[in-house]
Amino acid sequence: MKYIRFSLGFVVLLWAGAQSVGGQGFPVPERGFVSWKPAPQWEDALLSGNGEVGTLVFGEPHDETIIINHALNHMPVRVPLPPINQASRLEEIRALIAQGRYDEAAAIPVAQSMAEGYGEKHWIDPFVPLCNLRVLTQAGNVSDYVRMVDFETGEAKVQWQQNGALYRRSLFVSRADSVVVLRLQGEAPLNVELFLRQHPIAWDQYEFVGSGIKSAQAGAAAGSLTYSTRFVHHYEGIPYGFDAAARVVLKGGSMQTRGERLVVEGAEEVLVVMKLAPLMENEASLLPHLQEALAAGNWDYDDLLAAQRATHGELFSRVRLQLGEEDAPETGLQSEAFVQRARSGSNGAIIEKQFDAARYNILSSTGVNPPTLQGIWSGTWTPPWSSGFTHDGNVEVAVSHLLSAHTPELMEAYLSYHERMLPWYRENARRLFGTRGIHVPAHSSTHGYNIHFDETWTLSLWTGGAGWTAGILYDYFLYTGNRDMLRERIYPIMKESAWFYEDFLYEGTDGKYVFNPSYSPENNPGNSTSQVALNATMDVMIARELLRNCLEAGRLLGEEKQQLKKWAAMLEKMPDYRINEAGELAEWLPEKYTENHSHRHVSQLYSLYERIDPDFVANPALMHAARKTVEARLHHRRLQNGGEMVFGLAQLGMVTANMGEAELTGEIIDWMSRYYWAPSLATYHNSGNLFNMDMSGGFPAVILRALAYSEPGKLRLLPALPPEWTHGSVEGMALRGQVQLSRLSWDEEGLHFTLVSDIDQRLEVALPFLTDFRSEGQGRVVRKGEGLELRLKAGQPLLVQVGR
């Protein structure tokens with residue numbers, strides 16, 4: 001396993017002088033938000049990030065804290081033990097499950113872990129703060145305070161009046177230059193103290209942090225700041241620690257060192273350039289290297305911001321949703337009032353701003369890795385679920401809009417993370433199940449071993465992670481058409497995922513495959529206390545999809561005929577789905593299991609998350625049963641105004657949008673809009689609490705699916721348009737099959753859409769209405785049944801206008 005070495009520069013610019021500021025406050029960002037008070041806690045801080053480093057800006061005028069996070073800074077709590085030798089007891093587990101002795105089966109992995117020296121339930125390595133930058137300024141009476149975030153530039157800004165003078169501070173994390181830039185401007189000379197420090201440790205966290213952090217040392221010398229930290233534990237692929245060095249340059253004023261602080265008095269301008277680097281090779285200090293790089297730099301805020309606009313800004317601006325009126329009163333609300341207003345009922349203007357915020361959050365936290373549960377931000381040493389990557393739904397929802405929002409290069413983070421973990425995944429498959437191929441655990445961060453489970457959460461028995469990952473990666477190919485990437489990187493993961501099933505599945509008495517053990521993520525049947533089961537519907541769906549995708553990709557890439565025959569034969573042996581006595585799609589195939597709809601996951605709807613499964617397209621009864629399941633799950637959600645774990649709500653929204661259920665989709669979008677937003681326009685895990693980025697991925701995904709559903713060669717426009725959205729537009733969507741929906745707009749008269757294809761192709765377009773149409777541009781448009789057939793020319797826009 002290999003990691004690329006990443007380094008980050010940090011630039012702080014403190015600027016004074018009436019000529020520079022000119023008495024002018026920051027303009028309200030066109031796409032962003034304004035807040036009226038500093039963050040009372042880290043979860044409400046302003047967010048900025050470039051996918052490698054994230055910052056949390058509290059916005060305090062005189063005693064500012066900026067928490068600095070690095071994507072690789074998961075504190076190693078131990079050198080991970082190998083996965084348990086569950087394979088040696090697999091037949092025993094299977095026999096107990098077949099006999100209905102589920103609790104006994106669930107106890108075996110735990111007993112095995114104790115026999116192998118685990119000693120306790122193991123967690124993945126937690127995502128923790130790297131360090132804090134503190135900026136102390138001269139105190140005075142504060143008025144006219146405001147803070148804001150500009151989504152187009154990634155700037156987190158703070159301004160206030162103090163004793164008749166205006167002060168401004170702005171920060172962004174540059175995607176172009178891998179630096180963080182902070183500028184402070186004032187209409188009076190600046191008196192500032194700057195220092196780095198370890199993030200504060202609560203009294204009840206000392207033992208835990210001490211078990212992972214060996215040392216943390218901040219320092220100051222003439223014109224420089226330093227910070228170094230080292231971990232207690234190390235293993236292949238993770239840092240030994242981090243180093244940071246800062247160069248401090250003044251324009252006017254004076255500077256002196258006091259302990260670990262630099263004290264600036266009467267300066268016109270203070271420039272602090274700070275670089276951070278993970279130590280990937282050994283514990284040897286990188287400070288000399290960092291200081292040399294800093295000395296060679298020529299740093300200018302405006303130049304760095306221009307480069308940020310060309311990178312971050314370009315990615316953010318690729319997609320734009322417009323649903324509300326430009327002068328809608330909600331657009332001017334401060335974020336605290338905006339969140340409160342949304343809770344009383346959402347509308348187009350609110351959803352439009354939240355769509356931008358959600359995309360900003362995911363864009364800012366995707367780069368080195370995909371977003372963790374908390375994106376790229378942490379202000380605690382003990383984040384919920386260790387803020388890693390949860391592969392039974394969370395991370396899949398977090399990345400769910402990246403392709404349709406026309407940012408495919410951000411999916412590189414998801415692909416490369418899994419590539420780095422492949423050696424760990426292979427060992428999982430071998431030791432847990434005695435198979436070839438790979439096994440993706442439910443939880444991971446710095447390593448890919450499946451080490452987190454207990455008798456309730458029987459995660460060592462879940463087999464669907466690799467197939468689900470492979471499905472998302474194959475979708476990456478369907479959007480981009482990059483055949484080299486498919487052949488060299490994606491198909492090998494798909495193939496190893498399929499090899500796992502070749503060895504794991506066995507035939508039952510009816511000649512159909514048996515999934516044993518089987519697991520519907522985090523749920524148990526209504527008539528069982530255990531999550532262990534036979535033939536969970538989701539497990540079957542994942543295997544079916546994987547085998548179909550492998551056949552499709554294998555034929556394209558010239559796979560050996562014998563392998564293709566094997567996969568085709570396996571598809572024929574897949575068990576049939578079950579419709580229960582209530583007409584719902586059952587979550588487990590055996591009739592002995594009853595449903596448990598009071599649950600946050602919607603696993604039995606997996607086949608409708610992304611592309612609609614051909615099994616469902618060909619079987620209206622299955623589609624009807626799936627809708628009945630949606631209603632049953634929504635009943636549970638309605639009783640709780642959306643309820644906990646919003647990523648399950650997002651999955652419901654993806655399903656209803658793909659199914660064309662406009663009213664249900666609108667109801668789900670309204671819930672997500674009303675109850676899951678912080679004043680910083682970060683998103684929550686539960687209604688009103690728990691900082692979490694899952695919905696930042698899922699909210700735009702549901703909206704985009706409501707506006708367009710695509711498969712290669714097929715497009716449905718406005719499949720699930722909420723009835724309240726009587727007019728609007730979206731620009732820049734990407735579609736499967738290498739097509740861009742450059743613009744789609746609709747109103748009471750009809751709709752307009754413009755398509756650009758990367759290749760010459762024929763595209764069938766289903767429409768919500770069609771009385772007449774006309775087209776402009778290269779290509780051909782003909783009526784076909786209730787829709788249109790388009791012949792697109794590579795790179796040539798084709799505009800179509802459709803009347804009601």
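The values are calculated or read from the model by the stated rules, or taken from the named source; none is laboratory data. A quick note: this is a predicted structure, and the numbers were derived from the prediction, not measured. Here Cβ is always computed from backbone atoms with ideal geometry, including for glycine, and neighbour counts include all displayed protein chains. Remember, those area values only see protein heavy atoms, side chains included, never the ligands or the DNA or RNA. Shrake-Rupley method; radii C 1.70, N 1.55, O 1.52, S 1.80 Å.
Let me confirm something: among ALA442, ALA413, which residue is farther than 30 Å from GLN738 by Cβ and of a type in the set (A, V, I, L, M, F, W, C)?
On inspection, the qualifying residue turns out to be ALA442.
Give the residue, chosen from GLY388, GLY375, that is in contact (Cβ under 8 Å) with a residue 24 or more places away in the chain, at negative phi and either among the small types (Gly, Ala, Ser) or open to solvent by 30 Å² or more (accessible area, probe 1.4 Å) (or both).
On inspection, the qualifying residue turns out to be GLY388.
If I filter region 663-684 down to residues being closer than 23 Å to ALA156 by Cα and open to solvent by 10 Å² or more (accessible area, probe 1.4 Å), which single residue comes out as nearest to the chain's Cα centre (by Cα)?
It comes out as TYR684.
Go through region 763-804 residue by residue and tally those that are under 20 Å from PRO719 (Cβ atoms) and not aliphatic (A, V, I, L, M).
The number of residues fulfilling the criteria is 14.
Considering only region 251-289, how many residues are closer than 18 Å to VAL135 by Cα and small (Gly, Ala, Ser)?
5
Got a number for residues in region 173-215 being crowded, with 20+ Cβ neighbours inside 10 Å, more than 27 Å from the chain's Cα centre (by Cα) and among the small types (Gly, Ala, Ser)?
Here the count works out to 1.
Pick from LEU323, LEU402, LEU422: which is in contact (Cβ under 8 Å) with a residue 40 or more places away in the chain and under 18 Å from the mean Cα position of the chain (by Cα)?
LEU402
Quick one: in region 239-259, of everything that is buried (at least 17 other Cβ atoms within 10 Å of the Cβ) and part of a loop (DSSP other than H, G, I, E, B), which residue is modelled with the lowest pLDDT?
Among residues in region 239-259 that are buried (at least 17 other Cβ atoms within 10 Å of the Cβ) and part of a loop (DSSP other than H, G, I, E, B), the one modelled with the lowest pLDDT is GLY253.
Please work out which residue is nearest to ASN549 (Cα to Cα), limiting yourself to region 578-621 and to residues that are of a type in the set (Ser, Thr, Tyr) and outside any helix (DSSP H, G or I).
TYR609
Evaluate region 214-223: report whether one residue or more is within 14 Å of PRO126 (Cβ to Cβ) and either in contact with a Lys or Arg (Cβ under 9 Å, 6 or more places away or on another chain) or free of Cβ contacts under 8 Å to residues at least 60 places away in the same chain (or both).
no
Identify, please: which residue in region 216-238 is closer than 25 Å to GLN291 by Cβ and under 31 Å from the mean Cα position of the chain (by Cα) and is, among those, most open to solvent (accessible area, probe 1.4 Å)?
HIS234
Restricting attention to region 556-600, report how many residues are among the hydrophobic types (A, V, I, L, M, F, W, C), within 12 Å of VAL540 (Cα to Cα) and either free of Cβ contacts under 8 Å to residues at least 40 places away in the same chain or open to solvent by 50 Å² or more (accessible area, probe 1.4 Å) (or both).
Selection size over region 556-600: 1.
Mind counting the residues in region 441-481 that are closer than 22 Å to PHE504 by Cβ and among the polar types (S, T, N, Q)?
Number of matching residues: 6.
Look through LEU305, LEU276 and report the one residue that is assigned to a helix (DSSP H, G or I) and open to solvent by less than 30 Å² (accessible area, probe 1.4 Å).
LEU305
Just to be sure I understand, how many residues within region 404-437 are β-branched (Val, Ile, Thr) and in contact with a His (Cβ under 9 Å, 6 or more places away or on another chain)?
Residues that pass the stated criteria total 1.
Among the numbered criteria (1) over 29 Å from the mean Cα position of the chain (by Cα); (2) acidic (Asp, Glu); (3) within 14 Å of HIS439 (Cβ to Cβ), which one does ASP510 miss?
In the conditions (1) over 29 Å from the mean Cα position of the chain (by Cα); (2) acidic (Asp, Glu); (3) within 14 Å of HIS439 (Cβ to Cβ), ASP510 misses (3) alone.
Count, please, the residues in region 308-338 that happen to be assigned to a loop (DSSP other than H, G, I, E, B), modelled with pLDDT of 95 or more and in contact with an Asp or Glu (Cβ under 9 Å, 6 or more places away or on another chain).
Residues flagged as assigned to a loop (DSSP other than H, G, I, E, B), modelled with pLDDT of 95 or more and in contact with an Asp or Glu (Cβ under 9 Å, 6 or more places away or on another chain) within region 308-338 amount to 4.
Search region 347-388 for residues being assigned to a helix (DSSP H, G or I) and hydroxyl-bearing (Ser, Thr, Tyr), and hand back the single one that is nearest to THR65 (Cα to Cα).
The qualifying residue nearest to THR65 (Cα to Cα) is SER364.
Please enumerate the residues belonging to region 685-694 that are out of contact with any helix residue (DSSP H, G or I) (no Cβ under 6 Å at 6 or more places or on another chain), open to solvent by 10 Å² or more (accessible area, probe 1.4 Å) and touching a residue at least 40 places away in the same chain (Cβ under 8 Å).
Residues satisfying the conditions are HIS685, ASN686, LEU690.
Are there strands (runs of 3 or more DSSP E) fully within region 43-148 with at least 1 residues that are aromatic (Phe, Trp, Tyr), open to solvent by less than 30 Å² (accessible area, probe 1.4 Å) and at pLDDT 95 or above? List them.
Ranges flagged: none.
I need the full set of residues from region 162-185 which are farther than 26 Å from HIS312 by Cα and out of contact with any Gly (no Cβ under 8 Å at 6 or more places or on another chain), in order please.
Across region 162-185, the qualifying residue is only GLY164.
Given the conditions (1) crowded, with 23+ Cβ neighbours inside 10 Å; (2) at pLDDT below 95, report the number of the one that SER346 does not fulfil.
It fails just one condition, (1).
Among the listed residues ASP484, ASP510, ASP475, identify the single one that is at pLDDT 95 or above, acidic (Asp, Glu) and not in a helix (DSSP H, G or I).
Exactly one residue qualifies, and that residue is ASP510.
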